[in-house]
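The values are calculated or read from the model by the stated rules, or taken from the named source; none is laboratory data. Here the structure is a predicted model, which is why all the values come from computation and not from measurement. Counting neighbours? That spans all protein chains shown, and the Cβs are built from the backbone with ideal geometry, glycine included. Heads up: the accessible areas ignore ligands, DNA and RNA and are worked out on the full protein's heavy atoms, side chains in. Shrake-Rupley method; radii C 1.70, N 1.55, O 1.52, S 1.80 Å.
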Amino acid sequence: NYTMEEKFIEWLNNFKEFKEGSPLRKILDDAIKCYKCDIPRPSLMLSYTAFISAVKDNILNSEKPSNISKEKWDTHLEKLRDDKEWDEEVLTCIKINSLGNKIIFNIPQSLRDSVVYWKNKRNDCAHYKDENITLSHVSAFWIFLMDNYNKFTPLGSMQQCINEYNQYFDISKPPKGADQSDIFNRLCLAIHSENDLLFFIKNIFWQNLDDLNDIIYKLLHMPNIREFAKRLLIKTES
């Protein structure tokens, strides 16, 4: 049986931003060391920092969602690049609900509330409040990440993936066999359902069926997307 930290490490290795040697992985490696040594407070603080940093990067690396004005979007990006404001701005971006149709993340309110809960737990750790923080809190946060991290991608991310893959498959632009790992990783983050995957497939100008099958086979190795890809692979081969 896997230990909690082994399950977490295996999950981390599915994402480029969390792979061994990356800046965020170094933060999480320290969190894992603290966890193994039964030091839960710094472990939870570091884990939360890595999560909120990854969400910041997801926003900065995404196209503007169509429901947000360029002026508003640029304001968000400016604050995210500010060393003093970025962490609170990430939380602000997450907390924006559907009121006024200005949302950045298409997630349920319960998930927004969960992030606020973990932010408060992080504060409890930082200020050594009377709240009892244990390894079970760290385990629960890691489970939260494994279940939900892929949902924290801006609304513009799927269209961005479509644009990037259409450019990739345009024989007049990249050389055949050009590396597609970055856009594949962004695609994995943008897919939240079988409908997302189907929408992506229908809007790509595939050169041939082999290109389609190649991507679906790669998606079969991504735990959060495997079932969607299996169903679609059966459809394309039938």
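If 25, 186, 41 are ordered by their accessible area, calculated over protein heavy atoms with a 1.4 Å probe, which sequence runs from highest to lowest? Let's see the in-between values first.
Numbers: 25 5, 186 75, 41 40 Å².
The ranking, largest first, comes out as 186, 41, 25.
Scanning the chain for GluC sites (Glu not before Pro) that sit in a DSSP loop and have at most 16 other Cβ atoms within 10 Å, the longest stretch containing none of them is 132-238. The phi-based Karplus calculation (6.51 cos²θ - 1.76 cosθ + 1.60; θ = phi - 60°) puts the 3J(HN,Hα) values of the stretch 117-124 at 4, 6, 5, 5, 5, 4, 5, 4 Hz, whole numbers, x for Gly and Pro. Note that the stretch 160-166 has calculated 3J(HN,Hα) couplings of 4, 4, 4, 4, 5, 6, 5 Hz, one per residue in order, obtained from phi through the Karplus relation 6.51 cos²θ - 1.76 cosθ + 1.60 (θ = phi - 60°); glycine and proline are x. Rounded to whole numbers, the Karplus 3J(HN,Hα) couplings from phi for the stretch 132-145 are 7, 10, 10, 4, 5, 5, 5, 4, 5, 5, 4, 5, 4, 5 Hz, using 6.51 cos²θ - 1.76 cosθ + 1.60 with θ = phi - 60°, and x at Gly and Pro.
Residue 116 contributes about 40 Å² of solvent-accessible surface, heavy atoms of the protein only, 1.4 Å probe. Distance distribution P(r), the chain, all Cα-Cα pairs, bin width 10 angstrom from 0: 7, 29, 33, 22, 7, 1, 0 percent.
Carbon and sulfur: what percent of the chain's accessible surface (1.4 Å probe)?
Details: 6400 of 12690 Å².
Carbon and sulfur atoms account for 50 percent of the accessible area of the chain.
Under 1.5 on a/c is rounded, so check that first for the stretch 80-120, then, if it is not, pick prolate when a/b is larger than b/c and oblate when it is not; a ≥ b ≥ c are the square roots of the alpha carbon gyration tensor eigenvalues. Because a/c hits 1.5 or more and a/b fails to exceed b/c, the stretch 80-120 counts as oblate. What the stretch 13-135 shows is 55 Å² of accessible area per residue, with the surface traced by a 1.4 Å probe over protein heavy atoms.
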